[in-house]
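Undergrad: Have a look at this one before I ask anything.
Just so it is clear, none of the values below were taken in a lab; they were calculated from the coordinates. Just so it is clear, the model here is predicted, and its values are computed rather than measured. When we count neighbours, we look across all protein chains shown, and the Cβ atoms used for this are built from the backbone with ideal geometry, even at glycine.
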Protein chains: 2
Amino acid sequence: MCVLPSSAVHDTTLHSEPTGSAYEAYRDELVAAGLLIPLGVKGVFGRSGTFEGVIDRFDALVTKHGRALNPVVMRFPPVFARSNYEKIDHINNFPDLMGSVHTFTGDDKAHRAMLSKFTAKEDWSRDLDASQVMMTPAICYPLYPTVAGKLPEGGIRADLQGYAFRHEPSDDPARMQIFRMHEYVRIGTPAEALEHRQYWLDKTQEIFRSVGLPVEAVVANDPFFGRGGKVQKAIQREQALKFELVIPICSTDKPTAIGSCNYHLDHFGSVFGIETADGQVAHSACVGFGLERIALALFKRHGLRVEAWPREVRDVLALD
Amino acid sequence: MCVLPSSAVHDTTLHSEPTGSAYEAYRDELVAAGLLIPLGVKGVFGRSGTFEGVIDRFDALVTKHGRALNPVVMRFPPVFARSNYEKIDHINNFPDLMGSVHTFTGDDKAHRAMLSKFTAKEDWSRDLDASQVMMTPAICYPLYPTVAGKLPEGGIRADLQGYAFRHEPSDDPARMQIFRMHEYVRIGTPAEALEHRQYWLDKTQEIFRSVGLPVEAVVANDPFFGRGGKVQKAIQREQALKFELVIPICSTDKPTAIGSCNYHLDHFGSVFGIETADGQVAHSACVGFGLERIALALFKRHGLRVEAWPREVRDVLALD
């Protein structure tokens, strides 16, 4: 599945994640420098203009590289259709990470009843109803239903960027609950999907190294839920479906994934009825750049003052 | 309150909104042109690279004008703290527009119980718990708690841009459930807040006219909920707290607000304990540019092919 990079090189989950002082220390440094702005919830931050500037420049660098593939550019919002969410097995595999958007649909009387709970500091959230949308768990999920049916010859290449949500409160500044990724997605034949994944496995390393981030590519797994999830993690690793590009941010023992390259087999093609030009179920692959994590890695590596970053990094990022 | 522009010049609410064929016709045109990508839920769209390009260029134009005020630049994500949501009266005034983010917090057994509802097509959403975050209803809400306490002399000017959510399914392409606004917020003395509002009331009209959008400034109100809301709407209008910049998009009878200039009195200052340098409760004001609506107004006014837009508009937007 095309999920966001987890900081898990080894098998980690929310509950086994270390929350040592190195995470809190870096987070506090970033806050003290004004780069991150605490918003009262773990893993939810405002960002300064400087932090956003670094993300914008890195994003532009990725776009420059991606343009060579002549992708179709699409942008999806942070929410997508509940009806599509219900098709992708996320509720089976990652229920603890989901964000389901609920709202109030009652009349004046029901409103007064909810407000009396609110005033009494009781749980008013149960007076809400599920809306038609869910938080987007991965940038490419909204794409697949939009290309249902027969693909053109040669399949599709898409350039996506947007927010993903993952309910995963943490002291690790690199484990945000809401964050952006830039993705390139390929939908087509198995060969096309695998070629895309390999292309980006090389290209991501080239891009990261060009800004002074010597990442390592490792086989990884998504944080499948519960006891049953153990088997799925093992299968995903055995089939080498997911590679992560990792680099130490707060911990050398547990380096952080700042990008990932994923092969989904025919998962999305079969769920959403996507076919290649010759009538086969489409396969897909994606690369994701974790933009906030990349900024955090850059600040860790080169220091909190952008104007003191190495000249060659500033040049590659056109920071001036 | 600093809420998003409603398309209400007159007093409209969700339920009285016209859903005539002019709205659907323009939406269908935008979809046929590939500018908007339907995602299966009313008011939730993907956008093409061209559509995003127009938003980016307009956003850059606003930023160029705003830079003269030397604002502090901050960016907030599409969710913010539930604890802060609970302080701002949104649950009283706009419960039907809220987005409350819920998630699964149970164990394997509870997961199996939820999945059996899911499989039986029963309502599984009641097995979720409220998370610590809510969808951001307006771009400037997350700002106020971050500046609690005493302000520096001269107060604060902030440049914000991000997503807001408003549960308001509609056939009007300009009434999206999730959309972006660029805001400039002033927090300080009453005089500073009012001066900011007046500055932007003039400046927004200048900016909109420079791209061929002859807006009209009108006194407006927010869509307060229910029977009690009628009084609040009347008070807000009587005090002329909210101005909207409106222009016909799908309807000349009911032109659409593409920007708004709001004076909040001491609402946020008193809720979040923000004080001016001389110890008074701070007042605030904001201007909001509704980015998707502005793009929709530009496409309506100048046509769906950006390359055929008037030369002077393309020049002002640096579209080339």
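Undergrad: Ignoring trypsin sites (Lys or Arg not before Pro) that are buried or in helix or strand per DSSP, and keeping those with at most 13 other beta carbon atoms within 10 Å, what is the longest stretch of chain B between them?
TA: That would be B:122-304.
Undergrad: Would you work out if segment B:221-320 is rounded, prolate or oblate? Take a ≥ b ≥ c from the square roots of the eigenvalues of the alpha-carbon gyration tensor; rounded if a/c is under 1.5, else prolate when a/b is larger than b/c, oblate otherwise.
TA: In terms of gyration-tensor shape, oblate.
Undergrad: Follow-up. By how many nm would the segment from A:Asp320 to A:Val231 grow when fully extended, if each residue of separation counts as 0.36 nm and the alpha-carbon distance is taken off?
TA: Stretched fully, the A:Asp320-A:Val231 segment lengthens by 27.1 nm.
Undergrad: Another one. Using all Cα-Cα distances in the protein assembly as shown, what percent lands in each 20 angstrom bin from 0 up to the longest?
TA: 19, 55, 25, 0
Undergrad: A follow-up question, please. Any idea what the B:Asp266 label distances to the other copies are, label 7 Å down the Cα→Cβ vector, nm, shortest first?
TA: Inter-copy label distances (nm, one decimal, shortest first): 6.8.
Undergrad: Can you compute the FRET efficiency between B:Ser116 and A:Lys117 using 1/(1 + (r/R0)^6), with r the Cβ-Cβ distance and R0 = 35 Å? Round to the nearest 0.05. Provide the component values of the computation, followed by the final result.
TA: On the way: r = 29 Å, r/R0 = 0.82.
For R0 = 35 Å, the calculated efficiency reads 0.75.
Undergrad: Here's a follow-up. When the helices in chain B are scored as -39500 (n - 2.57) per DSSP H run of 4 or longer and the sum is shared across all residues, what 222 nm value do you end up with, to the nearest 500 deg cm²/dmol?
TA: -10500 deg cm²/dmol
Undergrad: Under a cut-off of 17 Å between alpha-carbon atoms, report the aspartates and glutamates in cross-link reach of A:Lys230, not counting same-chain residues fewer than 8 places apart.
TA: Here the aspartates and glutamates satisfying the reach criterion relative to A:Lys230 are A:Asp11, A:Glu17, A:Asp89, A:Asp96, A:Asp222, A:Glu238, B:Asp107, B:Asp108.
Undergrad: Go ahead and collect, in residue order, the members of segment A:34-64 whose backbone nitrogen is under 13 Å from a label point 7 Å along the Cα-Cβ direction of B:Lys87.
TA: A:39-41, by backbone N distance to the label point.
Undergrad: In the neighborhood of B:Met134, defined by Cβ-to-Cβ distances under 10 Å, what is the net charge if each Lys or Arg adds +1 and each Asp or Glu adds -1?
TA: Net of charged neighbours comes to 0.
Undergrad: Ok, one more. What three numbers, in Å, describe the spread of the alpha carbons of segment A:36-160 along their principal axes, ordered from the longest?
TA: 59, 43, 28
Undergrad: Could you tally the net charge around A:Arg27, taking each other residue with its Cβ under 12 Å from the Cβ of A:Arg27, Lys/Arg +1 and Asp/Glu -1?
TA: -2
Undergrad: Which distance in Å, rounded to a whole number, links the C-alpha centroids of segment A:46-73 and segment B:235-292?
TA: What the calculation gives is 32 Å, centre to centre.
Undergrad: Next question, about the same structure. Is the shape of segment A:145-285 rounded, prolate or oblate, going by the alpha carbon gyration tensor and its root eigenvalues a ≥ b ≥ c, with a/c under 1.5 for rounded and a/b larger than b/c for prolate?
TA: Prolate, since a/c reaches 1.5 and a/b exceeds b/c.
Undergrad: Using the crude model of +1 on Lys and Arg Cβ and -1 on Asp and Glu Cβ, and no other charge, please compute the dipole size for chain B relative to its Cα centre, in debye to 20.
TA: Taking the Cα centre of chain B as origin, the dipole is about 220 debye.
Undergrad: May I ask which of A:Lys150/B:Lys121; A:Lys117/B:Lys87; A:Lys203/A:Lys242 have a Cα-Cα span longer than 18 Å here?
TA: On the way: A:Lys150/B:Lys121 29 Å; A:Lys117/B:Lys87 15 Å; A:Lys203/A:Lys242 16 Å.
Listed pairs above 18 Å: A:Lys150/B:Lys121.
Undergrad: Ok, one more. Using a 7 Å offset from Cα along Cα-Cβ at A:Asp278, what residues in segment A:153-176 end up with backbone N under 15 Å from the label point?
TA: Inside the label zone: A:153-155.
Undergrad: Is the shape of chain B best called rounded, prolate or oblate, per the rule: a/c under 1.5 gives rounded, else a/b larger than b/c gives prolate, else oblate, with a ≥ b ≥ c the square roots of the Cα gyration tensor eigenvalues?
TA: Oblate, because a/c is 1.5 or more while a/b does not exceed b/c.
Undergrad: What lysines does B:Lys300 reach when the alpha-carbon gap must be under 21 Å and sequence neighbours fewer than 8 apart in one chain are set aside?
TA: List returned: B:Lys42, B:Lys254.
Undergrad: If R0 is 22 Å, what FRET efficiency do you get for A:Ala217 and A:Ala191 from their C-beta distance, rounded to 0.05? Before the final figure, lay out each step's value.
TA: Working: r = 21 Å, r/R0 = 0.95.
About 0.60, to the nearest 0.05.
Undergrad: Tell me, what is the FRET efficiency for A:Glu153 and A:Ser270 to the nearest 0.05, using R0 = 35 angstrom and their Cβ-Cβ distance as r?
TA: On the way: r = 21 Å, r/R0 = 0.59.
The computed FRET efficiency comes out at 0.95.
Undergrad: Further question: Restricting to Cα pairs below 8 Å that are 6+ residues apart, what does the relative contact order work out to for segment B:253-320? Please round to a whole percent.
TA: Answer for segment B:253-320 is 28 percent.
Undergrad: Expressed as a whole number of Å, what is the distance separating the alpha-carbon centroids of segment B:112-191 and segment A:23-43?
TA: Between the Cα centres of segment A:23-43 and segment B:112-191 lies a distance of 20 Å.
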